[in-house]
Amino acid sequence: MKIAVYGASGYQGRLVLTELARRGIETVLAGRDPVRLKEAAAVAGLPGAERRVAGTGDHEALVGALRGCDGVINCAGPFTSSGAAVVRAAIAAGCHYVDTSGEQLYIKEVFDTFATRARDAGVTVVPAANDGCVPVDLMAHVLADRLGPVEEIVSTHVIVGGGGMSRGSLRSLLETIDAVKAGGLTYDGGWRPGVPARHAAILLPGQQEPTPVMAFPVPEVVTIPRHVRVRRVEGVTEAALGDRLNMPLTPQLIDSLPEGPDEDSRRGQRFTYVLDATAAGGRRARGVVQGPDTYGTTAVIAVEGARRLIADPAAPGVLAPAQAYDPAGFLDFLAPHGIRWSVEDAPAA
Ligand SMILES: NC(=O)c1ccc[n+]([C@@H]2O[C@H](COP(=O)([O-])OP(=O)(O)OC[C@H]3O[C@@H](n4cnc5c(N)ncnc54)[C@H](OP(=O)(O)O)[C@@H]3O)[C@@H](O)[C@H]2O)c1
């Protein structure tokens with residue numbers, strides 16, 4: 001099996017390369033800058049790996065860079081401006097596609113724009129193969145199996161420690177800052193922007209007091225309604241993040257920061273993603289996934305996500321994680337990487 005990494009020279013791209021090398025999967029480095037690709041190959045311990053140079057503005061070159069590969073992992077963000085070009089090229093090259101995007105409107109655009117084209121080409125596309133969307137989307141499917149038709153799902157993201165966001169994540173945030181500040185999309189029979197969160201506070205695992213929360217554009221608001229019969233899905237995060245979003249963020253400031261958190265900081269990071277589901281009859285259940293190191297976990301998930309599309313093909317088209325992978329099987333695969341998940345009944349509200 002041969003997997004290309006587009007945007008292989010970035011912070012996340014190099015972590016993906018390292019994971020592919022650890023797993024002994026044949027890797028092609030792709031990107032726009034030959035010098036940075038060569039450096040990335042050396043850092044990831046893949047000096048002999050094939051390198052292919054193509055920018056997102058040249059469709060034919062991009063198709064050529066992906067041709068002959070079984071799958072591509074696109075790590076080139078911000079995705080809002082450059083992601084669609086890589087999806088289009090992967091479909092033309094007949095190459096299964098995953099990416100590490102977290103930009104909610106881009107993820108919805110991939111579903112809206114490429115579903116038919118990917119299906120016709122026999123290619124499977126799974127956007128947002130990252131630490132948050134994949135486990136939470138899979139867990140939503142497990143919760144719905146338990147509850148039946150669901151009235152409401154609330155997805156809460158909390159990340160503690162870890163040395164902050166990478167420059168690439170900050171660039172993605174800057175490109176989408178208005179949508180983020182407005183809270184992103186809520187699903188309510190359709191996807192709508194600017195809907196206030198119904199929940200102002202959530203009791204997180206291990207806490208005595210509810211944590212104040214605010215609406216936040218988590219990717220799974222876009223993916224969950226594609227495989228769960230649900231009336232409403234909203235995403236929230238700690239309200240304390242609101243102050244940080246209002247701090248001035250400029251391209252110059254981002255350029256002056258480190259490329260991303262170092263290994264020690266990543267190891268000290270802890271994410272908690274909580275899914276609260278309420279069935280039509282009022283029965284409630286909660287899913288929790290916790291783990292370390294969002295960027296390292298994203299590398300593990302993106303590589304395994306691409307590998308499964310090739311080794312154990314899903315239907316062609318643009319798919320949510322739970323449409324592409326066996327939910328409990330994929331979640332259990334993550335356990336040796338320190339990721340724990342649980343689903344249990346919750347007291348009625
Ligand atoms: N949970 C999540 O939501 C989650 C988790 C992990 C990562 N991510 C996302 O993953 C993305 C990558 O992050 P990062 O830290 O790796 O960023 P980064 O270090 O800035 O790397 C970005 C990569 O994309 C390439 N690139 C950027 N714009 C391009 C364009 N127009 N055409 C071709 N290549 C382009 C860069 O190439 P050069 O080296 O040539 O500049 C580089 O290889 C971000 O969007 C981040 O938000 C999201």
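Within region 291-336, the set of residues being free of Cβ contacts under 8 Å to residues at least 24 places away in the same chain and closer than 19 Å to Thr223 by Cβ comprises Arg308, Asp326, Gly329. In this structure, does Ala201 turn out to be of a type in the set (Gly, Ala, Ser) and away from the ligand (no atom under 16 Å from the Cβ)? Considered against the rule, which asks whether it is of a type in the set (Gly, Ala, Ser) and away from the ligand (no atom under 16 Å from the Cβ), Ala201 comes out as yes.
Would a scan of region 44-54 turn up a residue that is under 27 Å from Pro316 (Cβ atoms), of a type in the set (A, V, I, L, M), within 9 Å of the ligand (Cβ to nearest atom) and not in a strand (DSSP E or B)? Checked region 44-54: at least one residue is under 27 Å from Pro316 (Cβ atoms), of a type in the set (A, V, I, L, M), within 9 Å of the ligand (Cβ to nearest atom) and not in a strand (DSSP E or B).
Just one of (1) of a type outside the set (Phe, Trp, Tyr); (2) out of contact with any Gly (no Cβ under 9 Å at 6 or more places or on another chain); (3) assigned to a helix (DSSP H, G or I); (4) touching a residue at least 24 places away in the same chain (Cβ under 8 Å) fails for Leu253. It is (4).
Residue pairs whose Cβ atoms lie under 7 Å apart, sitting 6 or more positions apart in sequence or on different chains, and linking a residue in region 5-17 that is assigned by TED's automatic domain parsing to the domain that holds Asp33 and over 9 Å from Ala302 (Cβ atoms) to a partner that is within 6 Å of the ligand (Cβ to nearest atom) and in a strand (DSSP E or B), are Tyr6/Gly31; Gly7/Gly31; Ala8/Gly31; Ser9/Gly31.
Would you confirm, using the coordinates I've provided, whether Val53 is β-branched (Val, Ile, Thr), touching a helix residue (DSSP H, G or I) at 6+ places or on another chain (Cβ under 6 Å) and at pLDDT 95 or above?
yes
Among strands (runs of 3 or more DSSP E) entirely within region 260-349, having at least 1 residues that are within 16 Å of the ligand (Cβ to nearest atom) and not basic (Lys, Arg) singles out 270-279, 284-292.
What tally of residues in region 226-250 results from selecting those that are assigned to a strand (DSSP E or B) and touching a Lys or Arg at 6+ places or on another chain (Cβ under 7 Å)? Selection size over region 226-250: 1.
Picking from Gly102, Gly77, Gly83, Gly94, which residue would you name as being more than 15 Å from the ligand (Cβ to nearest atom) and in contact with a helix residue (DSSP H, G or I) (Cβ under 9 Å, 6 or more places away or on another chain)?
Just a single option satisfies the conditions, and that option is Gly94.
Criterion first (within 18 Å of the chain's Cα centre (by Cα) and outside any helix (DSSP H, G or I)) does Thr223 satisfy it? It is false that Thr223 is within 18 Å of the chain's Cα centre (by Cα) and outside any helix (DSSP H, G or I).
The values are calculated or read from the model by the stated rules, or taken from the named source; none is laboratory data. If you're wondering where the values come from, they're calculated on a predicted model, not measured in any experiment. As a convention, Cβ positions derive from the backbone with ideal geometry for all residues, glycine included, and neighbour counts pool all protein chains shown.
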